[in-house]
Amino acid sequence: MSRRETWTVFAASLAVYLGVGLTLSLRYGYLLGDALARTSAAQAVLFSRDPHVSAIGYIFTPLTALAQLPLVAFSSWLPAITRWNISAIAVSALFMAGATVMIYGICRDRGLTKPYSSIIAAVFALNPIIVFFGANGMSEAPFLFFACWAARRLIRWVHTDDVHDLVFAGIALALAYLTRYDAVAAIAATTFLVAGVTVMRQGRAKWRTMRRRALLDAVLLAGPGFSAFVVWTATSWLITGEALAQLSSNYGNAAILEQSGGGATGTLLGNTAFVVTAIVVLGPTLLIAGPVAAVLAHRRRDLEFLVAPVMFGSVLAFQAFSYITGSTFGFLRFYICAIPLAAIVVVQIFAPQGNPETRRTGKFHRSRSEHATAKIGVSAALVALSVVGMMVTGWAMLQPSLSAQQYALGYLFDTSPSANDADAVAARRIIDSFSTERELAAYLDSQNLPEGSVLVDTVYGFAVVAASSRPDQFIVPSDQDFTTILNDPAAAGVQYLLTVPNSGRGESDAINRRYPSIYDNGALEFSFVFEAPNDGADQPDWRLYEV
């Protein structure tokens, strides 16, 4: 694949994702909470009252927030970068464009022509849910990039036996772990796959030699990911006292599930049906292309086919198990790996042709025999199937029962929903999420308060801090003296406390834990200033108290 092809695919995809992302943010004010929380974390590293690297937090893995730092560095001159989540949008657009390049590269490595490769990459890139998550700053885009990068390198390794491909696949999986914890499943599954492929390649070799080579290949793949896990966990323990803060802390996943009333609440059969439906609507082409590609791979003795189902399938299985057992929420986005899996399976229906360039072929490298180009009718059928699959995914995104977070996109142009249309009213509240927080930030900025004047927890307050042009006016939990100031705000010169109801996720708010009745009566210590009813969905009404 030439550099010109790479940059053409990348630039075209990037333009689409940036355009959509900036339109959703600046035109419609449609921001997503997890993306904005990562932006707030990046802002805290540079511009909080107590800036330091560990302010990045240990609930989310760090890479998505760290990648925003170069852009967030300019937010002191242009506050819109954090207020409208532009830094996160830019990061997700870059990574999703990179994922598209990887899908195109898998096509070219397989020996597909430029037209076929371009069409398959375009169908992937323009899938509605891929466009949305390439444009909203969430962690799905960088995770898909690293997963697709790892898949491409592993597919190449199966063919070339080049140690460089194996090492790069391991690095990609390690970076995927630093983006989302789901990568643990992919690292484990692909490690066993690599060991198995190595064993199968060696035929009747002595058991000791076979075992040593399989172990070495497995270590090369899993080593970077294991190192990333150890370093991140140790760092979390040294700084917060909790090795797995994402699971055990007051702000972690278990606490969020408990405070929000749990994850999956239906029957085992109902939860399983949701998982199956989510995977099918995101990757409907798998129903036809999957069995066909599997049969053809078996006939060709093509081990390359195993990579994508094992890697992406392990992530899907992890998410399915988590939801069915009530350990996570029923969000359609958690099954987004079905989309690159479907794209790669379609690619592997075509017989491999030619040999991709490699740095150093290994002992078990097998030259591909040249095959006739796929018939036009077969290619057209696969393209049509992929386009239909893309349309099914687009339909699913607009169904409230399937896509609780994305269906609001269908109401972007409905500025005055009927009071009788519950879905439209709920969608408008989703679109208006964080509008109240931006107004609160504007109000506090207008007061020209000195540094450290407003005490707020970032459970919900991240959106207020991110929207402010003066983030140093807030005292937040990442400040090293937060607990001391919380115990005696007046002595520290605090003027206001920004509070939320002591219910749901508000139970983990540090101010509520220190002053349980503050939202209702100011804990009989602080004077009520005003209340700000929230226009957004699943967002609390705010009350400001004066010290």
So which of 188, 214 is modelled with pLDDT of 95 or more and in contact with a helix residue (DSSP H, G or I) (Cβ under 8 Å, 6 or more places away or on another chain)? 188
Could you check, for the range 260-267, whether at least one of its residues is out of contact with any Gly (no Cβ under 9 Å at 6 or more places or on another chain), outside the structural domain of residue 505 (by TED's automatic domain parsing) and part of a helix (DSSP H, G or I)? no
Hey, could you check the range 24-54 for residues that are over 20 Å from the mean Cα position of the chain (by Cα) and in a helix (DSSP H, G or I) and say which is nearest to residue 464 (Cα to Cα)? 44
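Each row is one residue, and each column tells you yes or no for (1) surrounded by fewer than 17 Cβ atoms within 10 Å (Cβ to Cβ); (2) farther than 29 Å from residue 78 by Cβ; (3) in the same structural domain as residue 259 (by TED's automatic domain parsing).
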{"position": "451", "(1), (2), (3)": "yes, no, no"}
{"position": "466", "(1), (2), (3)": "no, no, no"}
{"position": "473", "(1), (2), (3)": "no, no, no"}
{"position": "526", "(1), (2), (3)": "no, yes, no"}
Mind checking which residues of the range 107-141 are among the β-branched types (Val, Ile, Thr), part of a helix (DSSP H, G or I) and touching a Ser or Thr at 6+ places or on another chain (Cβ under 9 Å)? 119, 120, 123, 129, 130
Listed residues 158, 167; which is modelled with pLDDT of 95 or more and in a helix (DSSP H, G or I)? 167
Among the residues of the range 1-54, which ones are among the hydroxyl-bearing types (Ser, Thr, Tyr) and either farther than 30 Å from residue 354 by Cα or in contact (Cβ under 8 Å) with a residue 12 or more places away in the chain (or both)? 6, 13, 17, 23, 25, 28, 30, 39, 40, 48, 54
Out of 144, 154, which single residue is under 30 Å from residue 65 (Cα atoms), more than 20 Å from the chain's Cα centre (by Cα) and surrounded by 24 or more Cβ atoms within 10 Å (Cβ to Cβ)? 154
Just the residues that are in contact (Cβ under 8 Å) with a residue 24 or more places away in the chain, surrounded by 14 or more Cβ atoms within 10 Å (Cβ to Cβ) and not aromatic (Phe, Trp, Tyr), please, taken from the range 215-234. 217, 218, 220, 221, 222, 223, 224, 225, 228
Set 330, 326, 394: member being modelled with pLDDT of 75 or more and more than 27 Å from residue 146 (Cα to Cα): 326
Looking at the range 206-215, is at least one residue in the same structural domain as residue 345 (by TED's automatic domain parsing), under 29 Å from residue 13 (Cβ atoms) and β-branched (Val, Ile, Thr)? no
All but one of (1) of a type in the set (Ser, Thr, Tyr); (2) surrounded by 18 or more Cβ atoms within 10 Å (Cβ to Cβ); (3) under 21 Å from residue 443 (Cα atoms) hold for residue 508, so report the exception by its number. (3)
If a residue has to be under 28 Å from residue 53 (Cβ atoms), charged (D, E, K, R) and either assigned to a helix (DSSP H, G or I) or in contact (Cβ under 8 Å) with a residue 60 or more places away in the chain (or both) to count, how many in the range 480-529 make the cut? 4
Restricting to the range 298-327, what's the tally of residues that are buried (at least 19 other Cβ atoms within 10 Å of the Cβ) and either of a type in the set (S, T, N, Q) or without any contact (Cβ under 8 Å) to a residue 60 or more places away in the chain (or both)? 7
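Hey, among 428, 470, 438, which residue is at pLDDT below 90 and either out of contact with any strand residue (DSSP E or B) (no Cβ under 8 Å at 6 or more places or on another chain) or not aromatic (Phe, Trp, Tyr) (or both)?
Working: 470 fails: at pLDDT below 90; 438 fails: at pLDDT below 90.
The conditions single out 428.
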Of the conditions (1) surrounded by fewer than 21 Cβ atoms within 10 Å (Cβ to Cβ); (2) of a type in the set (A, V, I, L, M, F, W, C); (3) in a helix (DSSP H, G or I), residue 402 fails just one. Which one is it? (3)
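The values are calculated or read from the model by the stated rules, or taken from the named source; none is laboratory data. None of these values were measured; they are calculated from a predicted model. Heads up, the Cβs are rebuilt from the backbone with ideal geometry, glycines too, and the neighbour counts pull from every protein chain shown.
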